[in-house]
Every structure is written in structure tokens, then in C-alpha cells.
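Colleague: Mind having a look at this structure? Questions to follow.
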Amino acid sequence: MRAHDAAVRATLDFIETRLLRTRRWSREERRSVQVNAPMLVAATFRHVTSRNNDPQLHTHCVIANMTRDGEQWRSAEIGLLRRSEKLIGAFYRNELAHRLRREGR
């Protein structure tokens with residue numbers, strides 16, 4: 001369970017640093033531009049069974065459509081997140097495998 005939780009945290013960090021965007025007004029360009037979002041707002045819910053009550057460790061991550069930019073809250077631009085769903089899943093599985101190997105499992 002420790003490896004799973006660490007892989008989930010690493011995946012959320014990856015989303016925050018590489019994929020999360022927001023929009024900000026650019027005076028130079030006189031239009032709204034996408035910029036990296038500085039803070040991910042998310043909640044995680046760990047489950048150990050499936051809907052059929054079979055053993056299945058998994059975590060639901062709910063990402064809020066908000067981010068903080070300095071003193072201002074902004075909406076998140078989720079287009080890149082949606083297009084990166086397979087990448088995010090692959091990142092999690094790679095992190096989990098790496099951590100399990102490191103633990104000797």
C-alpha cells in the first residue's frame with residue numbers, strides 16, 4: 001500500500017508540474033494565454049475493494065477546476081489533462097513498478 005500511495009502522490013506532482021495550466025490575460029498580446037498553473041487542488045480517496053467487494057487497491061483522485069496564481073484563484077485549463085489521460089496512467093504504473101522493485105516485491 002505504501003508503494004501505491006507514493007505512486008499516486010508522484011503522479012499528482014507530475015500533473016501539477018507538467019500538465020496543469022490556467023489562463024491569464026497578457027497585456028502584450030492583448031489576449032488570454034495559457035500559462036503553467038502553480039498549484040493543484042485535489043482530493044484523494046483510497047479504496048481496497050471493487051464494487052463487487054473483490055480485493056482491488058485503487059485511489060480516486062478528484063481534481064478541482066481551480067488553481068491559485070499568487071493571491072488570485074483561477075480556473076484550471078483541463079484540455080491538456082484530458083488529452084494526457086493515457087500518459088498519466090502510464091506514469092502511475094511506471095512509478096508503482098519502480099517503487100515495488102525498490103521495496104523488493
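Colleague: Does at least one position in region 74-83 carry a residue that is under 12 Å from the mean Cα position of the chain (by Cα) and in contact (Cβ under 8 Å) with a residue 60 or more places away in the chain?
Modeller: yes
Colleague: Still on this structure, please answer the following. Mind counting the residues in region 2-59 that are among the aromatic types (Phe, Trp, Tyr) and without any contact (Cβ under 8 Å) to a residue 60 or more places away in the chain? Outline the logic, then answer.
Modeller: First, pick out the residues of region 2-59 that are among the aromatic types (Phe, Trp, Tyr): 14, 25, 45.
Keeping just the survivors that are without any contact (Cβ under 8 Å) to a residue 60 or more places away in the chain gives 25, 45.
Within region 2-59, residues that are among the aromatic types (Phe, Trp, Tyr) and without any contact (Cβ under 8 Å) to a residue 60 or more places away in the chain number 2.
Colleague: If we only count strands (runs of 3 or more DSSP E) wholly inside region 3-105, which ones have 2 or more residues that are surrounded by 15 or more Cβ atoms within 10 Å (Cβ to Cβ)? If you could, list the steps in order and put the result at the bottom.
Modeller: Details: elements: 21-26, 31-36, 42-49, 55-63, 67-69, 72-74.
Fully inside region 3-105 and qualifying: 21-26, 55-63, 67-69.
Computed from the coordinates by the stated procedures, all read-outs in this text should not be read as laboratory data. In this text the structure is predicted, and so the values were computed from the model without any measurement. Neighbour counts are summed over all protein chains in view; Cβ atoms, including those assigned to glycine, are modelled from backbone coordinates with ideal geometry.
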